[in-house]
Structures are given as C-alpha cells and as structure tokens.
Amino acid sequence: MSLKGMLSIWFFVGCLLTIYGLLILIAGIQDYSSQQTAGYVLPGLHLQVWWGVGLFIMGCVYVVRFRPRRTK
Amino acid sequence: MIFHTPALYSLYMAGSSLMALRPVDLAIIALYFVLVLGLGLYLRKFANTGEEFFMAGREMTAWIAGLSFISANLGSLEMMGYAAATYQYGILIGHAYWLAAIPAILFLSLVMLPFYYICKTHSVPGYLQLRYGEGARSVSAVSFAVMTILMSGINMYSMAIIMKVILGWNIHFSIWVSSLTVGIYVMAGGLLSAIFNEVLQFMLIWAGCLVIPIAGLIETGGWSGMVHRISQNFPGQDFTHMWRTMGSAANNPMGVHWTGMVFGWGIAISFGYWTTDFLVVQRVMAAKDLRSAQMGTLIGGFFKMLVPLIVIVPGLLALAVLPFKLVPESMVNVAGAHTYNEALPLMLARYCGPGLLGLGVTALIAGFMSGMAGNVSAFATVWTYDIYKPLIRKTANDAHYLSMGRWCTLLGVIVSIGTAYLVMNFSSIIVYAQALFVFFIVPMFGTVVLGMMWKRTTPAAGFWGLLTGILFSCSLWLWVKFDPSALRYVAFSPHAKDMAENVYRAMWTLIVNVVVTVVVTLFTTPKPEKELAGLVYGLTPVPSMGDLPIFKRPVVWAAALGVAFVILNIIFW
C-alpha cells in the first residue's frame with residue numbers, strides 16, 4: 001500500500017489550530033474590550049488572548065512545515 | 001481503562017446545565033465535526049485493501065502510532081472519571097497513569113511487541129490462534145468483540161449524558177449525531193481514519209484542558225499553595241501523597257494496601273490491558289517497522305506520564321478552590337449540589353471564557369468520539385479476521401473481507417447505539433462492564449505472555465488457562481456480590497472499596513490463570529518448535545538495533561522513561 005500523495009495529519013492539525021487560534025483570539029479581544037463582568041475567574045490573565053495567539057502560531061508552523069509539496 | 005465510571009444516571013437526574021455556550025464556542029464544535037467528516041471521506045481513497053482498512057497499511061510513523069496509542073486509551077470518560085476519583089481519593093489516583101501504565105508499556109515495547117510485529121498477526125486473538133490454535137482464539141475473539149461493542153455504547157451514552165448536564169443538549173441528538181459521524185468516517189477510512197482522528201483528539205485534549213492546571217496553579221499560588229488550601233478545606237486528610245498512606249488499607253481513602261496496588265493494579269490489570277487489549281495494541285501494530293512500533297509505544301508512555309497534569313491536578317484544584325464541596329452521586333437530588341463527576345466540567349467553566357470553553361467542550365466530545373471509533377474499528381478487525389474468516393467463510397478474496405469490514409463497522413455503530421439505549425434504561429450495566437473487563441483482560445495477559453516466553457506451553461494449556469481464568473474471575477465477583485463479607489478473603493479487608501476489590505480479584509485471577517496453564521502444560525503435548533518460529537522467545541530472531549545511533553535505540557528511551565517514572569514516584573511519595 002502506498003500513502004504517497006496523502007496529506008500529513010499534521011497539516012490538518014495545523015489548519016484546525018490556526019482557525020481555532022484566530023477564533024479564540026478574536027473572542028478574547030471582544031471580551032477584553034466589553035465592559036461586562038466575566039463569568040469566569042482570573043479575567044485579568046487574558047487567557048483567551050494568549051491561548052489564541054499560541055494556537056494560531058503553532059497552527060501556522062504545522063501548516064507551513066507539513067504543507068503539500070509539489071513533486072518534481 | 002476505567003475504574004471510576006461516573007454514575008451517569010445520577011448525572012442525568014441533575015438540574016440545569018453547567019455552562020452556556022456562545023456562538024464562537026458552537027462554531028468551534030461545528031468545525032470539529034466538519035473536519036472529521038471531511039478527513040474520513042478524504043482518507044477513503046487510501047483504504048482499498050484489507051491491510052489498508054484494518055491495519056492502516058502498517059505504514060504509521062512512530063509519532064503517529066504513539067499518539068494514537070495513547071489517545072485510544074485517553075478517553076473523556078476516563079478523564080472525567082479520574083478527575084472525579086481524585087476529588088474523592090486524592091493523588092492516589094495518579095497511580096492509574098504511572099504505576100498502572102509505565103511498567104506495562106515498557107514491557108509491551110521491549111518484550112512483547114517483537115513477537116506481535118514479527119508474526120504479522122492482525123490482532124491479539126490472531127496471535128493466540130498462531131500460538132495455541134482456534135480454541136484460544138475463539139474464546140478471546142468473542143469476549144473481546146462483546147466487550148468492545150459494550151464499551152462503545154457506554155462511551156456514547158456517557159457522552160450524551162455529560163453533554164446534557166454541562167450543556168443541556170438533548171440526549172438523543174448527542175447519541176445519533178456523534179454515532180453517525182463516527183460511523184461515516186470509520187466506514188470510509190477504517191483504522192487510518194480512526195488513527196488520524198485520535199491524533200487530532202490528542203492535540204485538542206491538551207489544547208483544551210491545559211488551561212485548567214495553568215490557571216488553577218496561578219490562582220492558588222503554585223503547588224504548595226494548592227496543598228495548603230486543600231489542608232485548610234479538608235483538615236486531617238491526606239490527598240497529596242502517593243505511597244505514604246499505603247502501609248495499611250485503613251490509612252488511605254481508597255482502602256487498599258500497597259500489595260493490592262502493586263500486584264493487582266500495577267501488574268495484573270495494567271499488564272493485561274496495555275499488552276493484550278487490542279484497541280491500544282492495534283495502533284502500534286500499524287507502525288511501519290518494529291523500531292517505529294517500539295518507539296511509538298515509548299512516545300505514548302512519555303505522554304501518558306504527563307496526563308496527570310490535565311486530569312489529576314484539576315481534581316486536586318477542585319478540592320482547593322471550589323467554594324462548595326462536591327457530593328457523592330447518591331446525594332445528587334440535594335438542591336444546588338454538584339457531584340464528584342462534575343469536577344472537570346466545573347473547573348472548565350471556572351477558568352474558560354468564550355472560545356476556550358468551546359475548545360474544552362470540543363476536546364471532551366473528541367475524546368468520546370474517538371473512543372467509540374477505536375472500539376468500532378477494533379471490533380471490525382476482530383470480527384472479520386478472528387470470527388467471520390476462520391469460522392464462517394474461510395475462502396474469500398480480500399475485497400470480500402474489506403466489504404465485510406465496512407459493513408460490520410456500520411453494524412458495530414448500530415449495535416453501539418442500541419447498547420447506549422440499553423444502558424440508559426439499565427444503568428447498572430456500566431458497573432458490570434467494568435467487571436467484564438477484568439474477567440477477560442487479565443487471563444488474556446497470562447495466556448499471551450506464557451505463550452511468548454515459554455515454548456513448552458501447550459495449545460491445550462493456552463485454552464484451559466484462559467477459560468479457567470475467565471470463569472474464576474466471574475466466580476470471585478459473584479461470590480462478593482452475593483456475600484459481601486467475602487471481601488475479607490478476596491481483598492484482605494471487609495471494608496475494601498470497589499476499586500480495591502477489582503485490583504485484588506485481578507491479582508488472584510492472574511495467579512490461577514498462570515498455575516492452571518503451567519499444570520496443564522506438564523500433562524499435554526507442546527507444538528513442534530518449527531511451528532513456533534516467530535512466536536516464542538528463543539525461536540524468534542529479533543532484528544538487532546545495535547547499528548543504530550544510540551539516541552534512536554528503543555532500549556535507551558525505555559531506560560529514560562523508567563528513570564522518569566521512578567523520580568516522579570519519589571517526588572510525590
């Protein structure tokens with residue numbers, strides 16, 4: 001059997017983490033800029049922003065590293 | 001491996017949902033479903049033969065084999081159950097991830113995998129057929145198939161209940177949407193789909209749940225701050241030492257002596273599970289070569305050792321920071337009460353804002369779904385190769401067996417849904433499922449390891465040792481069920497809890513299985529050595545890895561894993 005030509009699982013992981021990172025980052029920025037009381041503890045840590053950035057960067061690394069390569 | 005399954009019926013009776021999801025959380029969940037379905041349909045074109053569908057072509061790298069190996073074990077039911085158990089019993093539950101995993105994983109990687117891999121068997125029952133003949137294979141295949149489908153249904157039901165409690169979702173919606181999604185992607189891509197989704201699940205679980213220990217330890221001021229708060233909230237109780245209280249069953253909340261922990265949980269149950277449960281072993285058998293299979297197992301072992309960070313620590317944090325005490329399932333109807341089983345969801349709700357909450361919930365859903373996918377793909381393999389092919393239709397071409405594999409995947413999903421509804425009406429089935437697990441998996445370990453290590457073991461001994469072990473385990477369980485005072489013989493204490501009874505029963509079962517196998521061997525005829533080549537120690541040429549650079553040799557990484565295991569046990573003594 002040949003897995004030649006199959007996209008790496010890490011490429012799909014990267015795509016998902018990139019999108020998730022972006023969504024969480026945007027949600028975090030919206031939360032930060034809204035004046036509503038957070039329904040969770042430690043809102044001052046801005047975990048959504050940090051986590052969103054981290055996931056986005058990690059996702060981009062995986063997407064670039066495991067992107068489909070053109071065969072010669 | 002589950003010993004603390006949430007009392008799901010009691011969760012079902014609980015009040016309103018714990019969390020409210022925002023649109024961004026729902027988008028994150030929906031995106032996961034779209035991706036897994038798309039992945040399954042994409043992988044369909046790479047699963048066109050039996051080897052590709054059932055064994056992922058045996059081309060997995062060490063990392064993918066290792067991460068799927070550990071993900072097949074790391075289900076959401078276990079995560080929530082052990083977080084709940086940590087709230088009850090403290091850090092003792094950490095033994096599930098260290099003592100009850102690492103030694104067995106090392107043994108699988110260094111000792112047993114060469115035999116599984118070299119003989120090119122499709123499954124653990126397949127190994128038993130090669131070693132002992134059809135009798136042993138049939139007993140193990142049928143028991144494994146039943147257990148796997150039951151666990152798949154329990155998984156689905158558990159997910160539906162938990163989604164109802166934490167999110168207020170309709171139970172039927174959860175069961176059908178998740179089951180059909182799993183069914184589609186496993187029917188399409190077989191083990192390849194299941195493995196890819198397990199890798200995805202692994203990343204999501206860490207991405208979603210790591211927030212809790214980070215935020216929680218910041219809130220408490222670190223580990224010592226957390227320990228201080230626990231001692232203030234629960235004066236006089238020790239929740240943060242793993243071995244200190246095991247000198248006597250009366251000294252620790254679990255009611256178990258260290259002998260039961262080491263010989264029952266650490267050896268009998270854990271070796272039985274990690275070395276013979278086909279659901280996990282299948283993942284490393286799909287590796288591209290023996291070294292990748294061994295390294296994949298060890299990679300899984302390193303990550304397994306880290307799992308307490310996202311399961312045990314949240315349970316301890318719940319003891320430290322929650323402003324109310326969680327209660328047993330029997331008190332779930334008390335107004336405003338939250339049960340032990342809600343420990344992990346409560347901590348998710350405590351620290352996760354919009355987006356992060358969706359990620360955490362997606363991680364839990366992914367854990368449940370990949371648990372079901374793993375069970376269904378293992379069921380399809382065992383049914384097709386160990387029951388259908390040898391007993392029903394011996395001579396058919398590969399395309400026929402591939403088609404059977406796809407259809408019995410669908411059958412497995414439908415039966416799982418049926419099991420989920422059965423469990424909904426008879427919740428005690430979950431308790432029986434846990435007992436079933438010990439009935440079958442412990443004797444299987446004794447039978448397989450004696451077969452691998454001792455060429456004298458005869459086919460008759462393999463069959464009778466396995467069957468006797470299963471029947472003995474059932475008998476011990478029934479004895480305690482009908483006469484609870486029997487616990488003083490089985491578990492050396494009339495006050496032993498369920499978990500302690502399980503571990504001691506496993507220990508006695510293994511002893512009986514080994515004794516019967518040895519005795520029957522002495523009075524029966526072994527197979528000729530030429531029929532045992534590739535199956536037994538001493539008759540199996542294992543490829544040497546001495547020419548590899550030192551950092552690529554599995555034995556070196558196994559030593560590192562062993563040392564890390566010892567250090568962690570000393571630190572948390």
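Only the coordinates and a few stated rules stand behind these numbers; no lab work does. Owing to the predicted nature of the structure, the values given are computational and were not obtained by experimental measurement. In this analysis, Cβ positions are derived from the backbone assuming ideal geometry, glycine residues included, and neighbour counts consider all displayed protein chains.
Of note:
- For the pair B:TRP176 and B:TYR421, the difference between a 0.36 nm per residue extended length and the Cα-Cα distance amounts to 87.1 nm.
- Distance in nm between pseudo-label sites at B:ASP498 and B:ILE571 (7 Å out along the Cβ direction from Cα): 3.2 nm
- Amide H to amide H distances under 5 Å link B:ALA287 with B:MET60, where only residues 5 or more positions off or on other chains count and H is placed in the peptide plane.
- Ranking of B:ASP483, B:ASP386 by neighbouring Cβ atoms within 10 Å, starting from the fewest: B:ASP483, B:ASP386.
- Taking label points 7 Å from Cα along the Cα-to-Cβ direction, B:ASN48 and B:ASN251 give a separation of 6.4 nm.
- The calculated FRET efficiency for the pair B:SER231 and B:SER544, based on their C-beta separation and a Förster distance of 45 Å, comes to about 0.25.
- At least 27 Å along the helix axis (C-alpha) and Kyte average at least -1.0, DSSP helices within chain B: B:23-43, B:134-167, B:171-209, B:356-382, B:398-425, B:429-453, B:459-482, B:498-522
- Exercise: per-residue mean of other protein chain Cβ atoms within 10 Å, B:40-46: 2
- Averaged over the residues of peptide B:203-213, the number of Cβ atoms from other protein chains lying within 10 Å of each residue's Cβ is 3.
- Reachable lysines from B:LYS394, criterion Cα separation under 24 angstrom, eight or more residues apart if same chain: B:LYS120, B:LYS527
- Inter-part distance where region A:15-35 and region B:199-219 are each reduced to a Cα centre, Å: 17 Å
- For the protein assembly as shown, the calculated P(r) over all alpha carbon pairs, in 20 Å bins from 0 to the bin holding the longest distance, is 19, 56, 24, 1, 0 percent.
- Relative packing of B:146-154, B:399-407, which averages over residues the other C-beta atoms within 10 Å, highest first: B:146-154, B:399-407
- The simple Förster model, with R0 at 35 Å and r as the Cβ-Cβ distance, assigns B:VAL555 and B:VAL518 a FRET efficiency of 0.75.
- Filter on B:LYS45/B:LYS389; B:LYS304/B:LYS455; B:LYS304/B:LYS552; B:LYS304/B:LYS481 - keep pairs with C-alpha separation over 27 Å: B:LYS304/B:LYS455; B:LYS304/B:LYS481
- A DSSP coil position with no more than 11 other Cβ atoms inside 10 Å describes the following chymotrypsin sites (Phe, Trp or Tyr not before Pro) in region B:251-331: B:PHE324.
- With contributions of -39500 (n - 2.57) from each DSSP H run of at least four residues, the per-residue ellipticity at 222 nm computed over chain B stands at -22000 deg cm²/dmol.
- FRET efficiency estimate (nearest 0.05) - Cβ-Cβ, B:ALA486 to B:TRP206, R0 30 angstrom: 0.10
- Inter-chain shielding of A:11-18 (mean C-beta neighbours from other protein chains, 10 Å cut-off): 4
- Cα centroid of region B:272-329 to Cα centroid of region B:353-401, whole Å: 19 Å
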